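Following: one structure in structure tokens, then a few remarks.
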């Protein structure tokens with residue numbers, strides 16, 4: 001199991017379990033690193049781009065049909081299809097937050113997602 005300490009400056013260190021093995025933790029980190037800037041191209045769509053929460057949730061459901069869920073840990077969810085990652089966070093109640101991100105290896109990958117509202121940022 002992997003244990004982390006979030007505040008190394010604290011007087012007494014508090015360690016907590018990530019509830020995953022080292023192998024799984026490294027896989028999660030690899031995908032998150034790619035999503036957060038390891039891939040050159042990125043974009044986001046926001047809930048307020050849609051007429052309702054239901055349409056937003058349907059949008060996420062539609063685009064992830066062709067994507068494989070590769071991470072679901074500690075509020076982070078990442079889906080992959082080739083060189084594209086679609087990812088979002090869950091709030092404390094397990095609801096999707098108001099932003100869906102895409103990270104991609106090429107500008108062409110982002111262009112393929114323009115029909116869903118993603119634009120290179």
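What follows is calculated from the coordinates using simple rules that are stated; it is not laboratory data. Being a predicted model, the structure only gives us computed values, none of them experimental. For neighbour counting, all protein chains shown are included, and Cβ atoms are generated from backbone atoms with ideal geometry for every residue, glycine included.
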Note: residue 27 to residue 106 extended length (0.36 nm per residue) minus current alpha-carbon separation gives 26.3 nm
Simple spin-label estimate for residue 47/residue 62, 7 Å along Cα→Cβ, in nm, reads 1.9 nm
Given a Förster distance of 30 Å, the FRET efficiency implied by the Cβ-Cβ spacing of residue 89 and residue 12, rounded to the nearest 0.05, works out to 0.55
Under the rule rounded for a/c under 1.5, else prolate if a/b exceeds b/c, else oblate, using alpha carbon gyration tensor axes a ≥ b ≥ c, the range 45-110 is classed as oblate
To the nearest 10 degrees, the tilt of helix 53-63 (Cα long axis) against the first principal axis of the alpha carbons of the chain is 90 degrees
Each label sits 7 Å from Cα toward the beta-carbon; between residue 119 and residue 74 the label points are separated, in nm, by 3.5 nm
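Once you keep just the Cα pairs under 8 angstrom separated by 6 or more residues, what percentage relative contact order results for the chain? Numbers along the way, then the final one.
On the way: 179 pairs, mean separation 29.7, N = 121.
Normalised by residue count, the contact order of the chain is 25 percent.
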The helix 22-33 Cα axis meets the longest alpha-carbon principal axis of the chain at an angle in degrees, between 0 and 90 and rounded to 10, of 40 degrees
Which of (1) 30; (2) 44; (3) 35 is the computed percent of Cα pairs over 21 Å apart? It is (2)
